[in-house]
Amino acid sequence: MLRIEKISLYHFRNYTNQEFSFDKQIISITGKNGSGKTSILDAIHFLCFTKSYFLHIDSLVITNGLQGMRINGEFRTDKLDTLTCIIRDNGKKEFLKNSVAYTQFSRHIGQFPCVFIAPDDTELITGSSEGRRKFMDTIISQLSVDYLDQIILYAKILQQRNALLKQWHLQSAQDYPLLQIYTKQLQTIGHIIHQYRIDFCKQLATKTNEFYTYLSEEKEQVIIQYQSQLESASLEDLLTQNIEKDIRTQRTNYGIHKDDLDFELNGMPFKQAASQGQRKSFLFGLKLAQFFIIQAQKNKSPILLLDDIFEKLDESRSHKLIDFLVKQNAQIFITHTHIEQVKKTFKEYQDQVQFIEL
Amino acid sequence: MIFSSTLIENCVNEFSKLPGIGKKSALRLVLHLLKQDKNSIDQFANAMTNMRNQIQFCRQCHNVSDHEICKICTDFSRKKKQICVVESIRDVMAIEATQQYNGLYHVLGGIISPLDGIGPEQLKITSLIERITQEEIEEMIMALSPTLEGDTTTYYITKKAQHLNVKITTISKGVAFGGELEYADELTLARSILNRLPIVDIISN
């Protein structure tokens, strides 16, 4: 059982200095728009992933006009762990577990899994492929430290290779052997990552379908298809054959950094075919599949952070979702603008809910 | 800072250009020098100017040297057919301090990193290949840091030397001496297990 029992926020987003204690399985956070509901969820995400779910630049999480920030949280599994993240006045970030600082933040990922569901997540379906790769990476990284290491290394090699291609543009002498070395390095790591993604997508497809039909009560089939250039040929061959294109465009045009996930409903791309409601059901299907895959492999339920989701779901779907999650023994954080609504949704689990009103 | 002497001020400014030295430390050093007798200051100043003016980089291995060819390259007792390839002069010093190596060196002057604008042509790679051919080197030991850039450089040089009749080896990577196994990072430990050694070899060595 993974539980967060206490969190204190200093200069984090809406909070200059505040502490919250959580003592139930379900925590309902209600308040007006802009009162800081999402900030609490984001702080929890921050402690699990060493970064914000929404803001990609660390300095942006610091309360406007103030300097430095600190989040401190107590997590209980079979023992109590204290996690601390500090951003100093000079912008330097430190991350500590039980007062011991991490030298590599990536070593922290996966120890305290959590799943975030936010209204903007439909971007995952409608947005660019980058979001979908990030979705895969976030989940697989929590399951395998090796995957995370490989992804980081791949990005570094890619950066070097692109930098080399850019330099070629400026100078006449071109060093093919060096480019070949980067190509070979990408080949080795690219295919390891590719294999991880194939395995993961199989699981994701099955689980998402299960939850989609469970939530929507419809018989439609959703198909998740992993798309990669590496399916047709080895990365080394692709890069060698298309070397001219790389040189012309000054970047690497083939590789797992071009992967994508295709979502289909009844044989049509999901973006076009699906209604708003179907999209939501599908999104929840994806996220629950994520929850389930992590749970199965880690043997503990990830913390669920549900941001303003009941606006989007009708009552019967909300009920089903809650029923399912409570049974999984996961700690659930829910934000909403109206406390009555939450009370209604959770009336069967009243004694398991802690209400926080902001 | 306000000085009553421009001589002191100039000196403080010069010192504070050094890495890790601020205005206050610079002043402390300058005032210390002021207390010394004039002879020892001459010595101090001469040491610095001589160092910069007279230092040479060894024509063979690009290590720092007092002469055209450095002490290591001219040392008769050293194995002339073995070259250890390192990134910088500091690495030569580190390996020399172990007293376990008795061959020659080759200082590259950096490692390949296009991101930082360092390509193979900025490094002493051509002269390395020439040395291997001309001096009939038998073994080349790659002693570069186990980072992406270090590895890339190792692969690159290996590729360039592939057609030559030279044995190419690399320093072994693994668990640190005197380190506790449980504190070793996972990647290092995983590599150490993959590249494990038969104990017989260890004993006979």
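Between residue A:357 and residue A:1, full extension at 0.36 nm per residue minus the direct alpha carbon distance yields a gain of 125.6 nm.
With both labels modelled 7 Å from their Cα along Cα-to-Cβ, the residue A:217 to residue A:266 distance reads 1.9 nm.
Note on residue A:99/residue A:300: beta-carbon distance plugged into 1/(1 + (r/R0)^6) with R0 of 35 Å gives a FRET efficiency of 0.90.
A simple count of charges around residue A:270, restricted to other residues whose Cβ falls under 10 Å of its Cβ and scoring Lys, Arg +1 and Asp, Glu -1, yields 0. Between the residues B:184, B:172, B:72, the greatest Cα displacement towards the positive end of the dipole of chain B, with unit charges on the Cβ of Lys, Arg, Asp and Glu, is found for B:72.
In loop segments of the stretch B:40-134 as defined by DSSP, the chymotrypsin sites (Phe, Trp or Tyr not before Pro) with at most 10 further C-beta atoms inside 10 Å of their C-beta are B:76.
Taking a point 7 Å out from the Cα of residue B:167 in the direction of its Cβ, none of the residues of the stretch B:143-160 has a backbone N less than 13 Å from it.
Remark: the protein assembly as shown carries a charge dipole of roughly 700 debye about the Cα centre, counting +1 on each Lys and Arg Cβ and -1 on each Asp and Glu Cβ.
What number comes out for the charge environment of residue A:347, summing +1 per Lys or Arg and -1 per Asp or Glu over other residues with Cβ under 14 Å away? Charge balance in the 14 Å sphere: -3. Cut-off 10 angstrom, C-alpha nodes, Gaussian network model of chain B. Which of B:175, B:166, B:107 fluctuates the most? For chain B, modelled as a Gaussian network with Cα springs under 10 Å, the answer is B:175.
Listed by chain and number, the lysines placed with their C-alpha closer than 29 angstrom to that of residue A:343 are A:6, A:24, A:32, A:37, A:280, A:287, A:300, A:312, A:320, A:327; residues fewer than eight positions away on the same chain are left out.
Rounded, prolate or oblate: which fits the protein assembly as shown, taking a ≥ b ≥ c as square roots of the Cα gyration tensor eigenvalues, rounded meaning a/c under 1.5, else prolate when a/b beats b/c? Cα axes put the protein assembly as shown in the prolate bin. Summing charges over all other residues whose Cβ lies under 11 Å from the Cβ of residue A:229, with Lys and Arg as +1 and Asp and Glu as -1, gives -3. Modelled spin labels at residue A:77 and residue A:244, positioned 7 Å past Cα toward Cβ, are 5.4 nm from each other. Averaging the sequence gap over all C-alpha pairs within less than 8 Å and six or more residues apart, then dividing by the number of residues, gives chain A a relative contact order of 25 percent. In loop segments of the stretch A:14-114 as defined by DSSP, the trypsin sites (Lys or Arg not before Pro) with at most 16 further C-beta atoms inside 10 Å of their C-beta are A:24, A:32, A:79, A:88, A:92. Here the 3J(HN,Hα) profile of the stretch A:285-295, calculated from phi with Karplus coefficients 6.51, -1.76 and 1.60 at θ = phi - 60°, is x, 4, 5, 5, 4, 4, 4, 5, 5, 5, 4 Hz, Gly and Pro shown as x. Think of the protein assembly as shown as having a plus end and a minus end, set by charges on the Cβ of Lys, Arg, Asp and Glu; of B:102, A:117, A:168, B:102 sits farthest toward the positive end of this dipole. The residue among A:103, A:201, A:144 whose Cα reaches farthest toward the positive pole of the charge dipole of chain A, with charges on the beta-carbon of Lys, Arg, Asp and Glu, is A:103. Highest mobility in the GNM of chain A, judged by mean-square fluctuation with C-alpha springs under 10 Å and restricted to A:284, A:20, A:116, is found for A:20.
Ordering A:315, A:220, A:244 by the number of other Cβ atoms within 10 Å of each residue's own Cβ, fewest first, gives A:244, A:315, A:220.
Coordinate-derived values only; no laboratory data. It should be emphasised that the depicted structure is a prediction, and the values quoted were computed from it without experimental measurement. Every residue, glycine as well, gets a Cβ built from its backbone with ideal geometry; the counts of neighbours run over all protein chains shown.
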